[in-house]
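Here is the structure we will look at, set down as structure tokens.
The values are calculated or read from the model by the stated rules, or taken from the named source; none is laboratory data. Being a predicted model, the structure only gives us computed values, none of them experimental. Virtual Cβ from ideal backbone geometry, glycine too; neighbours counted across all protein chains shown.
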């Protein structure tokens, strides 16, 4: 469930809102001057998001050293395509 509160409302009701997070697994959206500026969520959900983020960062890091190799392979493919004379195709 998604609940929206101004920061002033959230400050006044913080204990109640934290209890709702713990028991109801709600996500709270905080606004300032009508704009959504922050989210408060159960800690377990936050941990799950962090795990997913780390997985993406690790995957990106594993490929980081291959930039030059990929560029060289692409260059070689284009060079070979330019050399190719083509073939006749009967329609």
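May I ask you to verify whether residue 10 is surrounded by 14 or more Cβ atoms within 10 Å (Cβ to Cβ) and either in a helix (DSSP H, G or I) or touching a residue at least 24 places away in the same chain (Cβ under 8 Å) (or both)? Let's see the steps before the verdict.
On the way: surrounded by 14 or more Cβ atoms within 10 Å (Cβ to Cβ): yes; either in a helix (DSSP H, G or I) or touching a residue at least 24 places away in the same chain (Cβ under 8 Å) (or both): yes.
Judged against the criteria, residue 10 is a match.
If I filter the stretch 27-36 for residues that are within 20 Å of residue 4 (Cα to Cα) and at pLDDT below 85, do I get at least one hit? No, the stretch 27-36 has no match at all.
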